[in-house]
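Colleague: Below you will find the structure I want to go over with you.
What follows draws every value from the coordinates through simple rules; no lab data is involved. Given the structure is predicted, the values throughout are model-derived calculations rather than measurements. Counting neighbours? That spans all protein chains shown, and the Cβs are built from the backbone with ideal geometry, glycine included.
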């Protein structure tokens, strides 16, 4: 004689698919948020490094005031400036991210 599913058993298991689907949707939403945050961090670091590179190149030719001006045009703040002969090192801060760059005035 084949076993028949108990009506009581079916009523207990019936809501499990909804709970599992809810867990999958929540995990997918959290993954999207995490990827978005990671992408924002990468873009912010790139913007900070770009501002530092531009400020270092400007400083190599025009000095500290040129570095400050170009850093501010890129939305950053010049935090550090050092010159050793032809080599210039600058540190800028953009959105709380520090970036360092070096440049020389000649080849």
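Colleague: Pairwise over distinct Cα atoms, reciprocal of the mean inverse distance: report the Kirkwood radius of segment 7-104 in Å, one decimal place.
Modeller: Across segment 7-104, the inverse of the average 1/r is 16.3 Å.
Colleague: Still on this structure, please answer the following. Kindly express, to the nearest 10 degrees and within the range 0 to 90, the angle between helix 64-73's C-alpha long axis and the longest C-alpha principal axis of the chain.
Modeller: Once rounded, the angle reads 30 degrees.
Colleague: Over what distance in Å are the Cα centres of segment 75-107 and segment 43-61 separated?
Modeller: For segment 75-107 versus segment 43-61, the Cα centre distance is 7 Å.
Colleague: Taking other Cβ within 10 Å of each residue's Cβ, how do 57, 21 sort, fewest first?
Modeller: Final ranking by Cβ density, sparse to dense: 21, 57.
Colleague: What is the packing order of peptides 72-84, 27-39, taking the mean over residues of other C-beta atoms within 10 Å and listing the highest first?
Modeller: Ranking, from highest mean packing down: 72-84, 27-39.
Colleague: Rank the residues 88, 93, 25 as a footprinting-exposure proxy: fewest other Cβ atoms within 10 Å of their Cβ go first.
Modeller: Exposure proxy ranking, most exposed first: 25, 93, 88.
Colleague: With axes computed from alpha carbons, what is the tilt in degrees of helix 16-62 against the longest principal axis of the chain, rounded to the nearest 10 within 0 to 90?
Modeller: 0
Colleague: Let me ask something else about it. For n ≥ 4 DSSP H runs only, could you compute -39500 (n - 2.57) per run for the chain, divide by its residues and tell me the 222 nm figure to the nearest 500?
Modeller: -21000 deg cm²/dmol
Colleague: Taking only C-alpha pairs under 8 Å that are 6+ residues apart, what is the relative contact order of segment 7-104 in percent?
Modeller: Worked out over segment 7-104, it gives 24 percent.
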